[in-house]
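Read the structure below first, then the notes.
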Amino acid sequence: MEMRLLLVEDEQDIAETLIHFLAKQGFVVDLTPTLAIARTMILDNTFDLVLLDRRLPDGDGLSLITFARMHNRPQRIILLTALADIDNRVNGLESGAQDYVSKPFEPRELLARIRNALRHSLPAQHNLKV
């Protein structure tokens, strides 16, 4: 079964690199560079996991976590951001993200974190090959 990810990232180079890398790993990746489109996508689709930047053109990515919760669309979220200090990390995790990855990052480490997040939050009948 293919896993579907939502990538909310406004940096084109990072987005293209991640989409290419994750597609090679068997993931289907939908991309949006803005929170406004991400909100619509979360309401209209089901994603296995969201990769979410914090600094987006139309606001802080953390607001998407709150939005999803308010609309009864909880998401597994890995924050992917240049905001690497401890206060931002703690704030992101306390806001409901499952993990926090600082830019720049190694794609293989991100892949391991994605697989870990999926493995630890899937129902028992769902088999994920890792």
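The values are calculated or read from the model by the stated rules, or taken from the named source; none is laboratory data. From a predicted model like this one, the values you see are computed outputs, not experimental measurements. Methodologically, a virtual Cβ is constructed for each residue, glycine included, from the backbone with ideal geometry; neighbour enumeration extends over all protein chains shown.
Here are the numbers for this structure:
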quantity: So D58, is it surrounded by fewer than 19 Cβ atoms within 10 Å (Cβ to Cβ), touching a helix residue (DSSP H, G or I) at 6+ places or on another chain (Cβ under 6 Å) and over 17 Å from N116 (Cα atoms); calculated: yes
quantity: Those residues of region 92-108 which are touching a residue at least 24 places away in the same chain (Cβ under 8 Å) and within 12 Å of L18 (Cβ to Cβ), in sequence order; calculated: K103, F105, P107
quantity: Filter pass, S63 being modelled with pLDDT of 95 or more and of a type in the set (S, T, N, Q); calculated: yes
quantity: Flag for F47 being surrounded by 15 or more Cβ atoms within 10 Å (Cβ to Cβ) and over 17 Å from F67 (Cα atoms); calculated: no
quantity: Filter result (surrounded by 12 or more Cβ atoms within 10 Å (Cβ to Cβ) and not in a loop (DSSP other than H, G, I, E, B)) within region 94-111; calculated: D99, Y100, V101, S102, P107, L110, L111
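Okay, residues lined up against (1) under 21 Å from R4 (Cβ atoms); (2) part of a loop (DSSP other than H, G, I, E, B); (3) at pLDDT 95 or above; (4) not basic (K, R):
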site	(1), (2), (3), (4)
A38	yes, no, yes, yes
F47	yes, yes, yes, yes
F67	yes, no, yes, yes
R73	yes, yes, no, no
I78	yes, no, yes, yes
A84	no, yes, no, yes
R89	no, no, no, no
G92	no, no, no, yes
R113	yes, no, yes, no
